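Enquirer: A single structure is presented below for examination.
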Amino acid sequence: MRPDSLRECTKKNAQKSNKLTSRLSQGEKKDRKRMAQVAAVYTVQSHVRTAKSIMKLSDDNVIPFRTPIRNKRVWASVERDSEVVIEEAFLEALQRDPEQIRQWVILIDGLPHQIKLIKLIKKVMKRLSVKATIVMDFIHVLEYLWKAAWCFFDKGDEAVEEWIAEKSVNILNGHCSQVAKGLRISASKRKITDRINIDKCADYLLNNKERSQYGIALESGFPIASGVIEGACRHLINDRLDITGARWSLQGAEAILKLRSLKASGDFESYWIFYKKSSKKRNYEFLKNNNFG
């Protein structure tokens with residue numbers, strides 16, 4: 001972003017950094033960015049799975065047909081704050097299912113910033129009288145588990161994959177607390193000194209066990225990974241706003257994101273028809289009010 005379009009906290013960090021005249025200083029690039037809020041609402045049929053099928057440990061070679069998602073609508077904003085975008089997502093869902101007959105699932109990313117938004121999500125849910133199940137992205141859990149695994153295994157050890165599969169199946173069956181406890185006990189028995197990632201993984205599992213009820217989610221046919229929103233982030237944000245050499249103003253970035261959101265959601269044609277009609281109306285009223293006949 002351009003310096004005048006950064007949020008205040010980022011702007012202060014950018015001013016503090018030691019700048020070089022011929023190139024970006026170390027860490028300076030991150031102080032030129034502004035976090036975008038991205039949301040997606042879609043409909044999909046429930047898809048019941050097992051923990052072993054997720055980790056591809058099932059003996060059954062028949063892959064059940066999974067219906068594709070329908071009526072996906074995505075949007076992003078660098079101008080509006082998190083609560084506004086979250087509320088927009090709920091309002092979109094309420095238009096589709098005002099009586100809340102369907103099962104509502106909210107998928108959140110596992111990053112600390114996203115987890116902090118849970119209070120905000122629950123606040124909006126309470127205000128709109130919405131009931132939904134909050135599920136945390138399982139892929140982020142796997143990342144913590146892999147980092148812990150390398151404390152027990154040497155790099156390149158093939159046995160690590162079997163270990164990961166075993167722990168993952170236990171987590172997917174809803175045994176986060178047991179896995180966390182087992183990690184710490186194993187680290188203590190083996191007298192592992194460099195165990196930071198083990199403790200981080202254990203803490204992560206315990207702190208998020210309410211949102212990691214994957215056993216119930218799989219039995220109910222709920223999604224457990226946020227691939228849809230990850231794809232939206234790449235397509236809406238990175239593919240356009242993160243091109244080499246681009247420097248965006250707040251208004252310019254917001255305008256581009258609105259257009260890309262309309263296009264990605266299949267609403268661009270309707271928007272363009274409405275825009276042309278409203279433009280003609282505005283032009284007519286302008287001519288009439290200014291005595292041009």
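A short reminder: the numbers here are calculations on the coordinates, not readings from a lab. Bear in mind the structure is a predicted one, so any value in this text is a computation, not a measurement. Cβ atoms come from the backbone with ideal geometry, glycine included; neighbour counts cover every protein chain shown.
Enquirer: When you have a sec, figure out the Kirkwood radius of segment 109-247 from all distinct Cα pair distances and drop it here in Å to one decimal? The partial results should precede the final answer.
Expert: On the way: mean 1/r = 0.0588 Å⁻¹.
17.0 Å is the Kirkwood radius here.
Enquirer: Students often forget the sequence filter, so: which lysines lie under 20 Å Cα-Cα from K155 once same-chain residues fewer than 8 apart are removed?
Expert: K147, K167, K191, K200
Enquirer: Non-local amide H neighbours of W75 (under 5 Å, H modeled in plane, Pro and chain starts lacking H): which ones?
Expert: Answer set, sorted by chain and number: A39.
Enquirer: Using only Cα atoms, tell me the angle between helix 268-289 and the longest principal axis of the chain; keep it within 0 to 90° and round to the nearest 10.
Expert: Here the helix axis deviates by roughly 30 degrees.
Enquirer: Compute the acute angle (0 to 90°) between the alpha-carbon long axis of helix 250-264 and the principal axis of greatest extent of the alpha-carbon atoms of the chain; round to the nearest 10°.
Expert: The answer is roughly 70 degrees.
Enquirer: Which whole-number percent is the relative contact order of the chain (Cα, under 8 Å, 6+ apart)? Each step should come with its number before you reach the end.
Expert: Values: 309 pairs, mean separation 72.5, N = 293.
RCO, the chain: 25 percent.
Enquirer: By how many degrees, 0 to 90 and rounded to 10, does the Cα axis of helix 196-207 deviate from the longest principal axis of the chain?
Expert: Tilt of helix 196-207: around 70 degrees.
Enquirer: Mean projection of the alpha-carbon convex hull of segment 139-211 over all orientations, in nm²?
Expert: 4.5 nm²
Enquirer: What per residue convex hull volume, in Å³, do the alpha-carbon atoms of the chain yield?
Expert: Dividing the Cα hull volume of the chain by its residues yields 215 Å³.
Enquirer: If you don't mind, there's one more thing I want to ask. On a 24 Å Cα-Cα criterion, which of the cross-link pairs K131/K263; K56/K116; K12/K33; K123/K209; K181/K209; K16/K116 come out too long?
Expert: K131/K263; K56/K116; K16/K116
Enquirer: Taking the dipole about the Cα centre of segment 74-164, with the C-beta of Lys and Arg at +1 and of Asp and Glu at -1, give me whichever of P112, I134, V160 is farthest to the positive side.
Expert: Going by the charge dipole, the pick is I134.
Enquirer: Nearest 500 deg cm²/dmol is fine: what mean residue ellipticity at 222 nm does the chain get from its DSSP H runs of n ≥ 4 alone, each adding -39,500 (n - 2.57), divided by its residue count?
Expert: -15500 deg cm²/dmol
Enquirer: Right, something else. Hey, can you rank 187-199, 207-219 by average C-beta count inside 10 Å, highest first? Don't skip to the end; give the middle numbers.
Expert: Details: 187-199: 13.3, 207-219: 17.8.
Result, highest mean first: 207-219, 187-199.
Enquirer: For segment 126-167, how big is Rg over Rh, using alpha carbon atoms and the Kirkwood form of Rh? Spell out each step's value before the answer.
Expert: Details: Rg = 16.7 Å, Rh = 12.6 Å.
Value, to two decimals: 1.32.
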